[in-house]
């Protein structure tokens, strides 16, 4: 059952969220984190701003995130689980975490799309430096999300972020 669960989650993400598809509900917020760790989650401010509707702050925080810092996401959220940790959960907990994961992944993907659009807008206005910052942040996020401390699903999202960055960065050189 475990071996079938992850491909099902991946398929659900692909079919439910789609690339670049905007969701009308961005109000999903992560559950409160009891006893938060001493070091803040690097990417959580950007994701929280996005989920609260402050899109400009979210994009700014995403670009400013130190993607080499750990943890990337708040403890207690499924985004903070490694594949090994996810697989070790009892089946009922895995199912619950998978249901929590989908809206969080959707928010993260939408935020990345907004960062890409911000980079495109900067490039179109002649601000190549800002465009490079946006595309570099996408690349760094993609690399960070492909680490062993992430689930397979999040690793696939990371690969997509890197591809977006590479595509947009190549356009800057033209």
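For the stretch 112-164, name all the residues that are part of a loop (DSSP other than H, G, I, E, B) and closer than 22 Å to residue 78 by Cβ. Give the steps one after another, and end with the answer.
First pass over the stretch 112-164, keeping only residues part of a loop (DSSP other than H, G, I, E, B): 125-127, 146-151.
Once the filter is applied, which keeps residues that are part of a loop (DSSP other than H, G, I, E, B) and closer than 22 Å to residue 78 by Cβ, the stretch 112-164 yields 146, 147, 148, 149, 150, 151.
Would you confirm, using the coordinates I've provided, whether residue 92 is touching a helix residue (DSSP H, G or I) at 6+ places or on another chain (Cβ under 6 Å) and assigned to a helix (DSSP H, G or I)? Spell out how you get there, then give the answer.
Working: touching a helix residue (DSSP H, G or I) at 6+ places or on another chain (Cβ under 6 Å): no; assigned to a helix (DSSP H, G or I): yes.
Taking the combined requirement at face value, the residue does not satisfy it.
What are the pairs, 6+ residues apart or on separate chains, where a residue within the stretch 94-117 that is farther than 19 Å from residue 44 by Cα has its Cβ under 8 Å from a residue that is surrounded by 21 or more Cβ atoms within 10 Å (Cβ to Cβ)?
Hits for this filter: 94/86.
If a residue has to be part of a loop (DSSP other than H, G, I, E, B), more than 17 Å from residue 136 (Cα to Cα) and in contact (Cβ under 8 Å) with a residue 24 or more places away in the chain to count, how many in the stretch 53-71 make the cut? Quick ask: steps written out before the conclusion?
Here is the first cut: in the stretch 53-71, the ones part of a loop (DSSP other than H, G, I, E, B) are 53-54, 65-71.
So of that shortlist, the ones also more than 17 Å from residue 136 (Cα to Cα) come out as 53-54, 70-71.
Imposing the further condition that a residue be in contact (Cβ under 8 Å) with a residue 24 or more places away in the chain reduces the set to 53, 70-71.
Here the count works out to 3.
Considering only the stretch 78-89, state which residues are surrounded by 13 or more Cβ atoms within 10 Å (Cβ to Cβ) and assigned to a helix (DSSP H, G or I).
Residues of the stretch 78-89 surrounded by 13 or more Cβ atoms within 10 Å (Cβ to Cβ): 78-83, 85-87, 89.
Result: 78, 79, 80, 83, 85, 86, 87.
Under 8 Å between Cβ atoms, which residue pairs at least 6 apart in sequence (or on different chains) link something in the stretch 138-152 that is in contact (Cβ under 8 Å) with a residue 24 or more places away in the chain with a partner that is surrounded by fewer than 17 Cβ atoms within 10 Å (Cβ to Cβ) and part of a loop (DSSP other than H, G, I, E, B)?
Hits for this filter: 140/68; 144/68; 148/82; 149/70; 149/82; 150/82; 151/82.
Test of understanding: among 119, 158, 142, which residue is under 17 Å from residue 60 (Cβ atoms) and touching a helix residue (DSSP H, G or I) at 6+ places or on another chain (Cβ under 6 Å)? Spell out how you get there, then give the answer.
Working: 158 fails: under 17 Å from residue 60 (Cβ atoms); 142 fails: under 17 Å from residue 60 (Cβ atoms).
So the residue among 119, 158, 142 that is under 17 Å from residue 60 (Cβ atoms) and touching a helix residue (DSSP H, G or I) at 6+ places or on another chain (Cβ under 6 Å) is 119.
Results for (1) at pLDDT 95 or above; (2) buried (at least 22 other Cβ atoms within 10 Å of the Cβ), shown as yes or no for each residue.
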| residue | (1), (2) |
| --- | --- |
| 46 | yes, yes |
| 76 | no, no |
| 92 | yes, no |
| 123 | yes, no |
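Given the criteria modelled with pLDDT of 95 or more and touching a helix residue (DSSP H, G or I) at 6+ places or on another chain (Cβ under 6 Å), does residue 136 qualify? Break it down stepwise before answering.
Working: modelled with pLDDT of 95 or more: yes; touching a helix residue (DSSP H, G or I) at 6+ places or on another chain (Cβ under 6 Å): no.
Considered against the rule, which asks whether it is modelled with pLDDT of 95 or more and touching a helix residue (DSSP H, G or I) at 6+ places or on another chain (Cβ under 6 Å), residue 136 comes out as no.
The values are calculated or read from the model by the stated rules, or taken from the named source; none is laboratory data. For clarity, every value in this text was computed on a predicted model and none was experimentally measured. As a convention, Cβ positions derive from the backbone with ideal geometry for all residues, glycine included, and neighbour counts pool all protein chains shown.
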